[in-house]
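Data first, discussion second: the structure below is written as structure tokens.
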Amino acid sequence: MARAPIPDLIQFFIPFDPKVQETALSLRAFVLDNFPETNELIYEKSNALAIGYSLSDKTKDMFCHVAVYTKHVNIGFDWGTALDDPERLLKGTGNRIRHITVTDYNAFPETYVKKILEQAHEIAMENLGDNGQSVIGLSVVKSVSEKKKRPS
């Protein structure tokens, strides 16, 4: 079972529809159940609540993230273009990041995405280098935007 969300994260979820909250918390649990020692970096941005999962306390070491929007949630992979995705579920047009939009966790393909998540973690570990994971199990709010273009 995933670790409990920190109080600030619970507060950030309050403006969102209960279904969106449930989906986001389920995706959070999915990541943390698979990688319980990962660090959770929380960004309350103007257009989304973003929760990054990192091997350190730095964004550059993230391997995936959960982005919470008004009507849906994305699970994104920071090395998405390098991942094996034979079913072509990963979407995006950027140079590196890919995501899957989730509107209902009950329809989320856990087994398939777990393989993608494991690949993403492995790539992040390779990019981290010989130093290894320096911080373990940290949940921290990294930034809060004053103006919101989403529920507030």
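Packing order of peptides 106-114, 88-96, 9-17, 61-69, highest average first: 61-69, 9-17, 106-114, 88-96 (average count of other Cβ atoms within 10 Å over each peptide's residues). Beta bridges from DSSP with both residues in the range 9-152: antiparallel share about 80 percent, rounded to the nearest 5. Comparing F77, A67, S46 along the charge dipole axis of the range 40-108, the residue lying farthest to the positive side is S46, per the Cβ-charge model. With all protein chains in place and a 1.4 Å probe, the accessible surface of the chain carries 50 percent carbon and sulfur. Relative intensity of the chain on a log10 scale, I(q)/I(0) at q = 0.19, 0.21 Å⁻¹, equals -1.22, -1.48, per a Debye sum over C-alpha point scatterers of equal strength in the absence of solvent.
Heavy-atom accessible surface of the range 12-152, averaged per residue, reaches 52 Å², computed with a 1.4 Å probe. Its relative contact order, with pairs defined as Cα atoms under 8 Å and 6+ residues apart, puts the range 8-116 at 20 percent.
The values are calculated or read from the model by the stated rules, or taken from the named source; none is laboratory data. All values reported here derive from a predicted model rather than from experimental measurement. No Cβ is skipped: glycine too gets one built from the backbone with ideal geometry, and neighbour counts run over all protein chains shown. These accessible areas exclude ligands, DNA and RNA; they are computed on the full protein's heavy atoms, side chains included. Shrake-Rupley method; radii C 1.70, N 1.55, O 1.52, S 1.80 Å.
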